Structures are given as structure tokens and as C-alpha cells.
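Report on one structure; see the data block that follows.
The values are calculated or read from the model by the stated rules, or taken from the named source; none is laboratory data. Since we're looking at a predicted model, the values are computed, not measured. Note that we place each Cβ from the backbone using ideal geometry, even for glycine, and neighbour counts take in every protein chain shown.
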Amino acid sequence: MESKIKFLRVKGTWREVADAARTTIRQEEGTKEPSSKWKKRILLAEHSPIRKLCFNWKWTDLPYWVSVHIVRHKYGIEHFVSTQRTDRTGIDRTGARQDTPVMHECFANAQAVMFISRRRLCHQASPETTAAWKQVVAAIAEKEPEVAECCVPECVYRGFCPEFKSCGFCGTEAWKKAVAKYREVK
């Protein structure tokens, strides 16, 4: 059974992000919609107003053990995972398999989504967890492409691999292209 994203909703607007940014520099609210270039720049800078842009999604049929990987993230994200309690499901959970499917709903701000991407898009992450996270990034790309462009593995974000055991991606031509694309502001 393959997990699927049931929905993705965006909460907050770029206008609200821009107005919060203007507040931080003692300016009044603006009327102009932020450009794609401005969006990418504030995301790359990770200034606090990006936390006004939030995403809500739900996986269905997510293997329990993959859900456990995702639920480890706790800053800027909330998790709502279906229970396996015997008194709620009528199924004895003591023998439940680790791949038992769960529903896992999340609400996260843009900064948290980018941070989680650094861990879950890393080639050292489990392929199943990476696949589930890529579903989130793909859904975000449809509505907020600048945010999705900033969802990269840690080595692309930092410009080097901080892992104890590198997967070998860092330093390859593909990695160099990924770093250039990530840093590009059009």
C-alpha cells in the first residue's frame, strides 16, 4: 500500500509575509504583491516572517514506521496521527506490524518545511521516508513553487555534507547543479 497526500492547504499569504517583514523594519503595510524574486530571497534568508506562511496536509496509508520518522520533527510543525489504541480501534495492537498504515496530518510553517526537507531529502534518510516527504514537496510546488525550490537536502543547503558517513552525492556534477539551482534568484 502506497501513502498518498490527501490534501494540501496553504494558510497565510505572501502579502501577510511581506507586511510582517515591513513591520520588522518599521515600515507601514504595502499594497504591492511580492515578486517571485522577493519570495525566494526571504526564504533563502529564512527571516522570521516566512513563518506566517503555513501548510496543512494529510498522508493516508503511511506506514507507521515512516510516520515515526516524520513525527520526530517538532519545531514549527504539529502532528496528528491516527491511534492504534485497542480500545479505540477494536484491534489488539500488541501484535501490530511496523508497516501498519496510519493517517498522519501535519500543520507546519514554511521554515519548518524547509528544515525537515534538509533531513528527509538527504540520501542517508530511508527511501520510504524520502518518498513520503517528496509527496509533500511536490504538493507545495503546485501552490508555492518558491517554497518547494528551497526544500533541498542538507548538503545542498550547506554546500557540504555534514554527515559522519557521506552518501557520495556531495561534490558530484548533479550536486553542483542542485546547489546552483537552490542559490539562483530570478
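Assorted remarks:
- Taking the numbered list (1) crowded, with 19+ Cβ neighbours inside 10 Å; (2) over 30 Å from residue 13 (Cβ atoms) in turn, residue 127 passes all entries but (1).
- Across segment 31-57, the qualifying residues are those that are farther than 23 Å from residue 112 by Cβ and either hydroxyl-bearing (Ser, Thr, Tyr) or in contact with a helix residue (DSSP H, G or I) (Cβ under 6 Å, 6 or more places away or on another chain) (or both), and the one among them that is modelled with the lowest pLDDT is 31.
- Single residue of segment 32-67 satisfying the filter (within 18 Å of the chain's Cα centre (by Cα) and hydroxyl-bearing (Ser, Thr, Tyr)) that is surrounded by the fewest Cβ atoms within 10 Å (Cβ to Cβ): 48
- Enumeration of residues in segment 72-93 that are of a type in the set (A, V, I, L, M, F, W, C), within 14 Å of residue 57 (Cα to Cα) and loosely packed, with under 15 Cβ neighbours inside 10 Å: 80
A quick yes/no check of all residues on (1) among the basic types (Lys, Arg); (2) closer than 24 Å to residue 39 by Cα; (3) touching a Leu at 6+ places or on another chain (Cβ under 7 Å); (4) touching a residue at least 60 places away in the same chain (Cβ under 8 Å):
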position: 64; (1), (2), (3), (4): no, no, no, no
position: 73; (1), (2), (3), (4): no, no, no, no
position: 85; (1), (2), (3), (4): yes, no, no, no
position: 133; (1), (2), (3), (4): no, yes, yes, yes
position: 158; (1), (2), (3), (4): yes, yes, no, no
position: 167; (1), (2), (3), (4): no, no, no, no
position: 173; (1), (2), (3), (4): no, no, no, no
position: 178; (1), (2), (3), (4): no, yes, no, no
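- Residue within segment 162-175 that is surrounded by 12 or more Cβ atoms within 10 Å (Cβ to Cβ), of a type outside the set (D, E, K, R), out of contact with any Pro (no Cβ under 6 Å at 6 or more places or on another chain) and assigned to a helix (DSSP H, G or I) present: yes
- Hits in segment 109-144 (condition: more than 14 Å from residue 70 (Cβ to Cβ), part of a loop (DSSP other than H, G, I, E, B) and out of contact with any Cys (no Cβ under 8 Å at 6 or more places or on another chain)): 144
Yes or no, residue by residue, for (1) within 23 Å of residue 139 (Cβ to Cβ); (2) touching an Asp or Glu at 6+ places or on another chain (Cβ under 9 Å):
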{"site": "34", "(1), (2)": "yes, no"}
{"site": "40", "(1), (2)": "yes, yes"}
{"site": "59", "(1), (2)": "yes, yes"}
{"site": "64", "(1), (2)": "yes, yes"}
{"site": "73", "(1), (2)": "yes, no"}
{"site": "78", "(1), (2)": "yes, yes"}
{"site": "88", "(1), (2)": "no, no"}
{"site": "97", "(1), (2)": "no, no"}
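- Members of segment 68-110 found to be of a type in the set (A, V, I, L, M) and over 16 Å from the mean Cα position of the chain (by Cα), listed by number: 81, 91, 96, 102, 103
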